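First comes the structure, then the notes that go with it.
Bear in mind that the values in this text are calculations on the coordinates, not laboratory data. This structure is a prediction, so every number in the text was calculated from the model and none was measured. Backbone-built Cβ (ideal geometry, glycine too); neighbour counts: all protein chains shown.
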Amino acid sequence: MTGTVTARVAAKVNVQLAVGGRRPDGFHDLANVFLAVGLYDEVSATPADTPRISVSGPYAERVPLGDSNLAARAATALATWHGLPAPGVHLHIAKDIPVAGGMAGGSADAAGALLACDALWGTRTPREQLLELAAELGSDVPFALLGGAALGRGRGERLAPLPVGDTLHWVFALADGGLATPAVYRECDRLREASGGGATVTDLPAPEPSRALLDALGAGDARALGAALTGDTDTAGAADRTTQATGLPRCVNELQPAALSLYPALADTLATGDAAGALAGLVSGSGPTCAFLVPDVESADAVAAALLGSGTCRDVRTATAPAAGATLLG
């Protein structure tokens, strides 16, 4: 165990997030269409006498350095599975994925730590076992290992890869603050209950992906995908049934009403991107990052400039998709 091993891991956007009712265990079944996008963290593992975490980059000050760090938990989980002593490893995270922005930056770091530590320690963990460990760490961690595009079932951890026909262009508007995912789910339940439709699995239909959205994604047709995201085409019969059951407006991201309720200023961000010519805009996952699908690089630059000049967001990033899953460098 000498030297340093580095893994590169990508952010994600939830192209669709259909949310079922609250289960007895407190979780929600999902139909979660993941898409990996080209914003990356790098996680480096180096032998050390004691476990240590360090972070650099524009979001470093917002990353916890203790036992709550998901990358540290990933290293411990891998060591435990192999019967190794407490991991003597220094994990350094070069952070470029926004923190607490609904883009799975912490989950990406956990996936990177699993891959980097497995290579550093020479444990050669089977891919299926890495995915099982990833699922125990968090619902988004398995997709960070897989990358590309995938449909997530259950809590999002049961993945089926999806085809993407061509490169897609995205603009991401970063908010000043963050949103905690559990709080957004609680608000989603509250809004559903307040609407009179109920919020449990007995009240709501099972979540299903949009056929039109999956077809557009598979064709790599940005305009058709934009239409599916905005509801200009049938985004799924199940989504309509969920709307009828909850009384809330239909949205391809069913956490979006909750995110907007907790962070109302996001509505101005979404309106700005729409007015600037985006094909579609939505809150990414639990937010508060807003994601805008655009047709090409020139449009990405124009939408990014409009958003940055509007004062409705803290910063703007552009990226293409799909991106690869966790990958060892060098």
In degrees between 0 and 90, to the nearest 10, how far off the longest principal axis of the chain does helix 127-137 point, with axes built from Cα atoms?
70
Between His82 and Asp49, how many nm apart are label points set 7 Å from Cα along the C-beta direction?
2.3
With r defined as the distance between the Cβ atoms of Ala206 and Glu136 and R0 fixed at 25 Å, what FRET efficiency is calculated, to the nearest 0.05?
0.55
Using only the alpha-carbon atoms, how far is helix 297-310 inclined from the longest principal axis of the chain? Give it as 0 to 90 degrees, nearest 10.
80
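Shape of segment 163-223 from its Cα gyration tensor (a ≥ b ≥ c, root eigenvalues): rounded if a/c is under 1.5, otherwise prolate when a/b > b/c, or oblate?
Verdict is oblate for segment 163-223.
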Gyration tensor verdict on segment 168-321 (Cα atoms; rounded if a/c is under 1.5, prolate if a/b is larger than b/c, oblate otherwise):
oblate
Would you compute, for the Cα atoms of the chain, the largest minus smallest coordinate along each principal axis and list the three values in descending order, in whole Å?
56, 46, 35
Just order 97-106, 320-329 by mean Cβ neighbour count inside 10 Å, highest at the front, would you?
97-106, 320-329
Normalised Cα Rg of segment 92-174, dividing by 2.2 N^0.38 Å with N its residue count, works out at 1.16
Of all alpha-carbon pairs in segment 5-164, indicate the percentage at a distance above 21 angstrom.
43
When averaged across all projection directions, what area in nm² does the alpha-carbon convex hull of segment 4-55 cover?
6.1
